[in-house]
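Contents: one structure, followed by commentary.
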Amino acid sequence: KAGVTQTPRYLIKTRGQQVTLSCSPISGHRSVSWYQQTPGQGLQFLFEYFSETQRNKGNFPGRFSGRQFSNSRSEMNVSTLELGDSALYLCASSPSLGADEKLFFGSGTQLSVL
Amino acid sequence: GEDVEQSLFLSVREGDSSVINCTYTDSSSTYLYWYKQEPGAGLQLLTYIFSNMDMKQDQRLTVLLNKKDKHLSLRIADTQTGDSAIYFCAERSGGSYIPTFGRGTSLIVHP
C-alpha cells in the first residue's frame, strides 16, 4: 500500500501570496488531519476532515482553510502569507475517527515565506 | 489546555541504552504514543500504550507508563546511529480524536 503522499515537497512564496498544499491519504483511509511543525512551537494541529466534513479545528486564523474531496484527498490553503507561516506542513491519515486510530504521516511540505 | 512536555535533547553513545522521558497533564489520557521523525521525513509511529498498561516491550523498545505521575518513557536498548532522530511523545484522551504532541526530543547517537 502506498503511504500518505504530500505535494509539493518544497514551496517558496512571498508575503501576501496564497498557497495550496495537497495530501493523498493511504488507500481506504477516510480521515485526514493537518499539522504545522515549527522549531519553536512543535506540532500544532490545524484541522481534521472526515467524509468531506471538517470535524475539528485548531487555533489558527481564518487564513488557514482546507477541504476534503469524495476520494478522501485533502487540500489546505493559506491565504495572505506571512513570514511566520514558514513551516513544515504535515498531513496524516487514519482509517476512521476514534481515539484508538493510529495516525500515518506524510513527509510534509516545507513552506518558506520570503 | 492539556500539555505534553519532553526534554529537547539527549546524547548517548552507540551501544548504550537511551531513555526518553515525557510528562503529560491530561488525567483522562487513554492512548500514549511514541513517534520518530528522521530528517526530511514525516512522523513514523514507533509504538503506543493503552493507559491500563504499565509496560510494553517491542524488540529494542520498552515503554513504561506511570499513570499516577503522568510519566511516560521510551527506552531504546543497544542504541544505534540509525536511531538518531527526533522522538515525539503524544497523548490522546478518550473524548478527543486529536492527539497532543510534545515538542520532541532530539536523540543524538555518537560513536
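The values are calculated or read from the model by the stated rules, or taken from the named source; none is laboratory data. Remember, it's a predicted structure, so these values are computed and weren't measured experimentally. A quick note on method: Cβ atoms are made from the backbone with ideal geometry, for glycine too, and the neighbour counts reach across all protein chains shown.
The set of residues in region A:29-48 that are within 9 Å of chain B (Cβ to nearest Cβ) and among the charged types (D, E, K, R) contains only A:48. Of all the numbered requirements in (1) more than 19 Å from residue A:7 (Cα to Cα); (2) out of contact with any Lys or Arg (no Cβ under 9 Å at 6 or more places or on another chain); (3) among the β-branched types (Val, Ile, Thr), residue A:38 misses one, and that requirement is (1). Scanning region B:47-75 for residues that are in contact with a Lys or Arg (Cβ under 6 Å, 6 or more places away or on another chain) and modelled with pLDDT of 95 or more turns up B:62, B:63. For residue B:62, the requirement of being in contact with a Leu (Cβ under 9 Å, 6 or more places away or on another chain) and more than 10 Å from every other protein chain (Cβ to nearest Cβ) is met. Here is a list: A:114, A:83. Which entry is in contact with a Ser or Thr (Cβ under 9 Å, 6 or more places away or on another chain) and either within 13 Å of chain B (Cβ to nearest Cβ) or of a type in the set (A, V, I, L, M) (or both)? Unique residue meeting the criteria: A:114. Return yes or no: is residue A:64 of a type in the set (A, V, I, L, M, F, W, C) and within 12 Å of chain B (Cβ to nearest Cβ)? Taking the combined requirement at face value, the residue does not satisfy it. Taking residue B:100, is it of a type in the set (S, T, N, Q) and under 19 Å from residue A:88 (Cα atoms)? Yes.
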